[in-house]
Amino acid sequence: MINPDLSNKFKSQFPVISPSMLKCDFGNLHREIELLEMAEAPALHWDVMDGNFVPNLSYGALLIERIRPLTQMFFDAHLMISNPEKYIEDYINAGCDSITIHIEAAPNPKDLLEHLAQSGVLPGLAISPETSLNMIEPYLEYCGLVLVMSVEPGFGGQSFIKSSLQKIKQLKAMISDDTILSVDGGIGMETIAGTASAGANYFVVGSAIFNQTDYSTAVRELAQKARSESASFT
Ligand code: DX5
Ligand code: ZN
């Protein structure tokens with residue numbers, strides 16, 4: 001059973017802006033986290049890439065584990081890796097609050113999602129742009145978070161894929177109100193409103209924060225834009 005504290009954590013804070021750490025300055029990681037805390041971003045999104053599931057390599061559990069004591073912020077790990085069952089324990093032990101695996105990497109994720117919930121972690125399932133919602137439908141009841149990729153996973157800075165809006169709308173009608181609906185890829189001032197009105201309530205943002213000099217303004221304006229377009233945030 002999913003820990004209700006975790007699934008309710010963001011209810012009063014929607015829309016959530018979660019900076020994608022793939023786009024941060026790794027030479028100043030501690031400072032970047034301080035700036036994001038000051039910007040009142042409630043969560044950090046950690047993009048884990050293995051050079052196999054996606055054609056890019058980023059960082060792994062060791063880095064997340066070392067950063068964990070530096071902040072109280074919610075740690076949201078997005079595992080773009082093959083065979084997530086081999087590594088999932090490392091990310092649980094690293095102190096992630098939420099762990100999202102890809103349906104394309106784990107086509108029968110029930111056991112893994114249940115294991116995450118039993119470990120006190122919010123279980124998440126991600127779906128790539130080319131994958132049909134039919135693939136994840138049987139597993140939605142085991143998810144605390146569902147992540148719609150609105151770019152091909154692997155790189156920050158890509159353009160938003162417009163057909164994601166329809167997918168978000170359909171998915172919103174399939175999930176319970178307790179399930180977080182996250183969108184990831186190409187989210188910025190031009191695209192966030194559309195995804196909010198389609199039903200997303202958790203927005204992963206890389207370039208549109210880290211390409212700005214003032215993270216606080218970026219986070220605040222993105223949240224305002226999302227809020228202005230969605231009737232469902234209170
Ligand atoms: C892509 C990652 C995203 C990405 C977002 O595979 O999952 O989190 O870094 O970056 P932007 O917002 O620049 O698309
Ligand atoms: Zn991501």
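Every number here is computed from the coordinates shown, using simple stated rules; none is lab data. If you're wondering where the values come from, they're calculated on a predicted model, not measured in any experiment. Positions of Cβ are generated from backbone atoms using ideal geometry, with glycine treated the same way; all protein chains shown enter the neighbour counts.
Among the GluC sites (Glu not before Pro) in segment 31-134, those placed in a DSSP loop whose Cβ has at most 10 other Cβ atoms within 10 Å are Glu130. Tell me the mean residue ellipticity at 222 nm calculated for the chain from its helices only (DSSP H runs of n ≥ 4, each -39500 (n - 2.57), averaged over every residue, nearest 500). That calculation yields -9500 deg cm²/dmol at 222 nm. Spatially, segment 86-138 and segment 140-188 are offset by 14 Å when compared through their Cα centroids. Close amide H contacts of Ile180 (hydrogens built in the peptide plane, cut-off under 5 Å, sequence separation of 5 or more or a different chain): Leu145, Val146. Highest mean packing comes first when the peptides 75-84, 136-145, 189-198 are listed by Cβ atoms within 10 Å, giving 75-84, 189-198, 136-145. Between Gln13 and Glu141, the modelled labels are 3.0 nm apart [label points 7 Å from Cα along Cα→Cβ].
The packing ranking of peptides 221-228, 160-167, 55-62, highest mean first, is 221-228, 160-167, 55-62, where packing means the average number of other beta carbon atoms within 10 angstrom of each residue. Is the C-alpha gyration tensor of the chain telling us rounded, prolate or oblate? Criteria: a/c under 1.5 is rounded; beyond that, a/b larger than b/c is prolate, otherwise oblate. Since a/c stays below 1.5, the shape of the chain is classed as rounded. For the cross-link pairs Lys11/Lys86; Lys162/Lys225; Lys110/Lys162, the ones whose C-alpha atoms lie over 27 Å apart are Lys11/Lys86; Lys110/Lys162.
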